[in-house]
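So the structure is just underneath, and the comments pick up after that.
The values are calculated or read from the model by the stated rules, or taken from the named source; none is laboratory data. Since the model is a prediction, treat every value here as computed from it, not as a measurement. Cβ placement follows ideal geometry from the backbone for every residue including glycine, while neighbour counts extend to all protein chains displayed. We work out accessible area using only protein heavy atoms, side chains counted, and drop any ligands, DNA or RNA first. Shrake-Rupley method; radii C 1.70, N 1.55, O 1.52, S 1.80 Å.
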Amino acid sequence: MLATLPRMCGIVGYVGQRPALSIVLDGLRRLEYRGYDSAGIAVVSDGSVRTEKKAGKLANLEKALGERADDGIASGSTAIGHTRWATHGGPTDRNAHPHLSADGRVAVIHNGIIENFARLRAELEATGVEFVSDTDTECAAHLLAAEMAKLRADSAEKDGPQLLAEGMRRVCARLEGAFTLLAVDVQVPDAVVGARRNSPLVVGRGEGENYLASDVSAFIEHTREAVELGQDQVVLITPEGIEITDFTGQTAMGKDFHIDWDASAAEKGGYDYFMLKEIAEQPQAIADTLLGRLSANGEIVLDEVRLTDQDLRDVDKVFIVACGTAYHSGLVAKYAIEHWTRIPCEVEFASEFRYRSPVLDRSTLVIAISQSGETMDTLMALRHAKEQKARVLAICNTNGSTIPRESDAVLYTHGGPEIAVASTKAFLTQLAACYLIGLHLAQVRGVMYADEVAAVVSRLRRTPEKLRDLLGVMEPVRALARDLKDANTILFIGRHVGYPVALEGALKLKELAYMHAEGFGAGELKHGPIALIDQGTPVVCVVPSPAGRGVLHDKIVSNIQEVRARGARTIVIAEEGDEAVKPYADDLITVPRTPTLLAPLVTTVPLQILACEIAAARGHDVDQPRNLAKSVTVE
Ligand code: M6R
């Protein structure tokens with residue numbers, strides 16, 4: 001039988017005094033970006049575990065719950081819920097979580113992969129257990145029920161929450177792979193137990209109630225006090241408390257933190273899509289990321305630094321590892337870091353990094369960029385770097401997530417929650433963070449003086465204002481999007497930092513509009529891709545400032561003429577006042593004047609809006625594009 005493995009999912013648990021169903025459903029709504037091909041819930045109520053689960057989006061589950069006779073599911077005050085993203089095998093009602101033990105008394109939800117599930121399943125089947133789904137998760141439900149039965153047989157204290165925690169520890173000891181598990185047991189009605197290995201889980205601390213979730217947005221409406229869990233830990237929540245142990249039962253400490261954004265930050269706030277809201281939030285997100293970064297003596301302030309200045313002075317090579325949009329921010333960073341620090345900098349897909357034996361040692365600085373802080377490819381690249389004794393610095397938007405926790409230093413982007421699957425404000429804040437790190441390195445190594453650093457920071461600080469102006473004049477881009485909605489392909493070209501911007505513009509269009517799009521270094525076109533250009537082919541050209549590097553500007557103007565001569569429709573993104581490019585632009589979109597290295601902070605924005613509007617015009621789900629999930633927690 002083909003296994004249907006849940007990979008990146010959203011999970012929520014609640015225990016307290018209030019009806020748990022609506023609290024968990026609200027949490028799932030906020031986590032739906034993590035996966036949306038099925039959803040389910042289990043509520044402990046009146047001596048039963050009552051479940052409902054449905055393939056498709058959360059709306060299907062809500063509809064089923066609405067049609068259900070009142071059997072107590074709406075009133076129980078202990079519940080777990082799940083929203084799922086499957087990799088292969090059809091997402092069906094049967095494979096949706098929660099999964100129940102054979103006697104229906106234990107329910108389990110899961111994010112990750114139980115790698116030894118085939119062996120465990122065979123073992124359980126040999127004892128007479130009949131599986132009702134194709135998932136690996138169901139093993140955990142049967143194992144937990146079996147461990148609970150054994151514990152009850154052996155223990156004087158028959159049904160205490162501690163028994164549930166011990167049962168979970170025993171199950172975890174048998175599992176291989178990456179997992180977050182949450183479970184409830186009908187005989188322990190006021191408790192939810194959770195466990196994590198290489199997969200996210202945070203605790204929300206309430207009053208007379210507590211929460212578990214894949215990320216804090218699930219419970220932010222109820223509490224802003226959270227606890228970060230470590231690797232290989234089991235957490236037991238009851239209305240009265242939170243107890244954390246490692247997998248052997250030793251008491252462990254979580255790390256308390258305060259969430260500094262509120263529930264409204266995770267709502268659409270009047271926009272049609274989260275993506276549009278997040279695009280509009282970019283000026284503030286950049287301002288917040290820059291806030292407080294320059295100390296009184298002109299030094300850049302990182303959030304957590306477990307590296308000395310001497311460590312940074314010893315760096316002789318930088319590798320940036322990241323995926324997707326974060327990788328594109330790394331490509332921009334390479335230009336800035338090499339320019340400011342004169343240290344060689346390579347940028348690699350995190351998914352490729354460790355497979356080619358990169359040359360790393362103590363003097364290598366690896367910068368891992370990740371919005372979620374949970375991307376498995378990036379995490380594995382980071383771990384490989386650490387094994388080779390390299391220093392690792394994380395740029396991350398998610399406090400307490402795995403990547404920053406495992407890094408030697410962290411610079412958090414203060415972008416607030418990014419819900420739309422397509423990354424927008426995360427990209428711009430990653431750029432801002434990369435610039436800060438480049439400046440920090442240059443300063444520590446004595447390549448730039450404090451006043452030079454302050455001058456760049458001051459230019460960076462002016463970008464939110466420029467972005468606000470730019471966002472106010474995007475109507476022509478929307479009109480262009482409506483015009484381009486039926487194009488077969490759109491090409492993007494750029495040079496220098498405009499090249500990663502071209503890649504990012506193409507990625508946005510692919511993931512949202514399901515349209516063929518490619519980004520190219522403009523100079524590379526003549527080496528092959530120019531053959532793609534046909535009469536009317538739209539080519540988006542990202543033009544650098546004529547004021548900065550004049551040669552660069554002249555070269556791309558020539559490239560624009562080359563594609564135009566072959567019939568392309570040129571859509572030119574250029575700086576205000578750039579007269580030289582005007583004659584070659586079929587459509588001209590102007591952006592505010594910005595220094596060359598910082599230009600991606602403004603030139604990317606029209607491309608985000610273009611992709612969003614084309615997707616909407618084509619009738620696609622902008623926030624939850626097909627086949628994707630926000631947080632990719634498998635390799
Ligand atoms: O959470 P991360 O920044 O590590 O995610 C990396 C990529 O999966 C992500 O940027 C992806 O490419 C976006 N959906 C693109 O919009």
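Mind listing just one residue for me: the one in the range 339-397 that is assigned to a helix (DSSP H, G or I) and closer than 20 Å to Q310 by Cβ and, of those, nearest to the ligand (Cβ to nearest atom)?
Across the range 339-397, the extreme among qualifying residues is A385.
Could you tell me whether the range 102-110 includes any residue that is open to solvent by 10 Å² or more (accessible area, probe 1.4 Å), within 25 Å of L65 (Cα to Cα) and small (G, A, S)? Steps first, please.
Restricting attention to the range 102-110, the residues satisfying the condition of being open to solvent by 10 Å² or more (accessible area, probe 1.4 Å) are 102-105.
Filter once more, so that each one left must be within 25 Å of L65 (Cα to Cα): 102-105.
Next, only the ones that are small (G, A, S) stay: 102, 104.
There is at least one residue in the range 102-110 that is open to solvent by 10 Å² or more (accessible area, probe 1.4 Å), within 25 Å of L65 (Cα to Cα) and small (G, A, S).
Pick out the one residue from S22, S38, S77 that is assigned by TED's automatic domain parsing to the domain that holds G241 and at pLDDT below 95. Let's see the steps before the verdict.
Details: S22 fails: at pLDDT below 95; S77 fails: at pLDDT below 95.
Of S22, S38, S77, the one residue that is assigned by TED's automatic domain parsing to the domain that holds G241 and at pLDDT below 95 is S38.
So, P358, is that one at pLDDT below 95 and not aromatic (F, W, Y) or not?
Details: at pLDDT below 95: yes; not aromatic (F, W, Y): yes.
Judged against the criteria, P358 is a match.
Being in contact with a Phe, Trp or Tyr (Cβ under 6 Å, 6 or more places away or on another chain), over 30 Å from L436 (Cα atoms), open to solvent by 50 Å² or more (accessible area, probe 1.4 Å) and not assigned by TED's automatic domain parsing to the domain that holds K57: is that true of Q535 here?
Values: in contact with a Phe, Trp or Tyr (Cβ under 6 Å, 6 or more places away or on another chain): no; over 30 Å from L436 (Cα atoms): yes; open to solvent by 50 Å² or more (accessible area, probe 1.4 Å): yes; not assigned by TED's automatic domain parsing to the domain that holds K57: yes.
Here the answer is no, as Q535 does not meet what is asked.
Can you spot a residue in the range 117-129 that is out of contact with any His (no Cβ under 9 Å at 6 or more places or on another chain) and within 20 Å of V49 (Cβ to Cβ)?
no
Would the range 600-622 turn up any residue that is of a type outside the set (D, E, K, R), touching a Cys at 6+ places or on another chain (Cβ under 9 Å), open to solvent by less than 40 Å² (accessible area, probe 1.4 Å) and within 16 Å of the ligand (Cβ to nearest atom)? Full working, then the answer.
Taking the range 600-622 first, the residues of a type outside the set (D, E, K, R) are 600-612, 614-617, 619-620, 622.
After this cut, where a residue has to be touching a Cys at 6+ places or on another chain (Cβ under 9 Å) as well, the list is 622.
Within this subset, residues satisfying the condition of being open to solvent by less than 40 Å² (accessible area, probe 1.4 Å) are 622.
Right, trim to within 16 Å of the ligand (Cβ to nearest atom) and you get 622.
Yes: one or more hits.
Across the range 519-532, what is the total count of residues that are small (G, A, S) and surrounded by fewer than 19 Cβ atoms within 10 Å (Cβ to Cβ)? Don't jump to the end; show me each part of the working.
Narrowing the range 519-532 to residues small (G, A, S): 519, 521-523, 528, 531.
Checking the rest, the ones that are also surrounded by fewer than 19 Cβ atoms within 10 Å (Cβ to Cβ) come to 521, 523, 528, 531.
The qualifying residues number 4.
Listed residues I300, I286; which is touching a strand residue (DSSP E or B) at 6+ places or on another chain (Cβ under 8 Å) and open to solvent by less than 40 Å² (accessible area, probe 1.4 Å)? Before you say what the answer is, go through the steps one by one.
Values: I286 fails: touching a strand residue (DSSP E or B) at 6+ places or on another chain (Cβ under 8 Å).
Just one listed residue meets the conditions, I300.
Which of the strands (runs of 3 or more DSSP E) found entirely inside the range 128-210 contain at least 2 residues meeting this: open to solvent by less than 60 Å² (accessible area, probe 1.4 Å) and free of Cβ contacts under 8 Å to residues at least 60 places away in the same chain? So that I can check it myself, show each step before the final result.
Numbers: elements: 177-185, 188-197, 202-205.
Fully inside the range 128-210 and qualifying: 188-197, 202-205.
Select from the range 218-273 the residues that are part of a strand (DSSP E or B) and open to solvent by 70 Å² or more (accessible area, probe 1.4 Å) and list them in ascending order. Explain how you work it out, then say what you get.
Initially, the range 218-273 is screened for residues part of a strand (DSSP E or B), giving 225-228, 233-237, 242-246, 251, 255-258.
E225, E243, T251, K255, D256, H258 - these are the residues of the range 218-273 that are part of a strand (DSSP E or B) and open to solvent by 70 Å² or more (accessible area, probe 1.4 Å).
Keeping to the range 36-45, report how many residues are open to solvent by 10 Å² or more (accessible area, probe 1.4 Å) and among the hydroxyl-bearing types (S, T, Y).
Number satisfying all stated conditions: 1.
Given the residues L507, L512, which is the only one that is within 12 Å of the ligand (Cβ to nearest atom), among the aliphatic types (A, V, I, L, M) and in contact with a Cys (Cβ under 8 Å, 6 or more places away or on another chain)?
Values: L507 fails: in contact with a Cys (Cβ under 8 Å, 6 or more places away or on another chain).
Within the list L507, L512, the selection yields L512.
Name the residues in the range 380-427 that are hydrophobic (A, V, I, L, M, F, W, C) and open to solvent by 10 Å² or more (accessible area, probe 1.4 Å), would you? Don't jump to the end; show me each part of the working.
Going residue by residue through the range 380-427, those that are hydrophobic (A, V, I, L, M, F, W, C) are 380-382, 385, 390, 392-396, 403, 409-411, 419-422, 426-427.
Correct list: M380, I419, V421.
When you go through V473, V551, V501, V557 one by one, which is the residue that is open to solvent by less than 10 Å² (accessible area, probe 1.4 Å) and in the same structural domain as V581 (by TED's automatic domain parsing)? Before the answer, list the steps.
Details: V473 fails: open to solvent by less than 10 Å² (accessible area, probe 1.4 Å); V551 fails: open to solvent by less than 10 Å² (accessible area, probe 1.4 Å); V557 fails: open to solvent by less than 10 Å² (accessible area, probe 1.4 Å).
Being open to solvent by less than 10 Å² (accessible area, probe 1.4 Å) and in the same structural domain as V581 (by TED's automatic domain parsing) holds for just one of V473, V551, V501, V557, which is V501.
Out of the range 598-616, which residues are part of a helix (DSSP H, G or I) and among the aliphatic types (A, V, I, L, M)?
L598, L601, V602, V605, L607, I609, L610, A611, I614, A615, A616
Is it true that some residue in the range 591-598 is polar (S, T, N, Q) and touching a strand residue (DSSP E or B) at 6+ places or on another chain (Cβ under 8 Å)? Don't jump to the end; show me each part of the working.
So in the range 591-598, the residues polar (S, T, N, Q) come out as 594, 596.
Adding the requirement that they be touching a strand residue (DSSP E or B) at 6+ places or on another chain (Cβ under 8 Å) leaves 594.
Among the residues of the range 591-598, at least one is polar (S, T, N, Q) and touching a strand residue (DSSP E or B) at 6+ places or on another chain (Cβ under 8 Å), which makes the answer yes.
If I ask for residues that are more than 14 Å from the chain's Cα centre (by Cα) and aliphatic (A, V, I, L, M), which ones from the range 406-427 would you list?
A409, V410, L411
Any idea which of S22, S48, S77 is closer than 20 Å to V235 by Cβ and open to solvent by 10 Å² or more (accessible area, probe 1.4 Å)?
Details: S22 fails: closer than 20 Å to V235 by Cβ; S48 fails: closer than 20 Å to V235 by Cβ.
Testing whether each residue is closer than 20 Å to V235 by Cβ and open to solvent by 10 Å² or more (accessible area, probe 1.4 Å) leaves just S77.
Hey, among the residues in the range 404-435 that are part of a helix (DSSP H, G or I) and at pLDDT below 95, which one's nearest to the ligand (Cβ to nearest atom)? Quick ask: steps written out before the conclusion?
Taking the range 404-435 first, the residues part of a helix (DSSP H, G or I) are 404-405, 425-435.
Restricting the remaining residues to those that are at pLDDT below 95 gives 404-405.
On the way: P404: 12, R405: 14 Å.
Within the range 404-435, the match that is nearest to the ligand (Cβ to nearest atom) is P404.
Go through the range 376-400 and count every residue that is modelled with pLDDT under 95 and among the β-branched types (V, I, T).
Qualifying residue count, the range 376-400: 1.
Identify all residues within the range 309-338 that are more than 16 Å from the ligand (Cβ to nearest atom) and open to solvent by 10 Å² or more (accessible area, probe 1.4 Å); write none if there are none.
D309, Q310, D311, R313, D314, D316, K317, K334, Y335, E338
Given the conditions (1) more than 16 Å from the ligand (Cβ to nearest atom); (2) open to solvent by 20 Å² or more (accessible area, probe 1.4 Å); (3) closer than 23 Å to Q282 by Cβ, report the number of the one that E579 does not fulfil.
Result: E579 passes all but (3).
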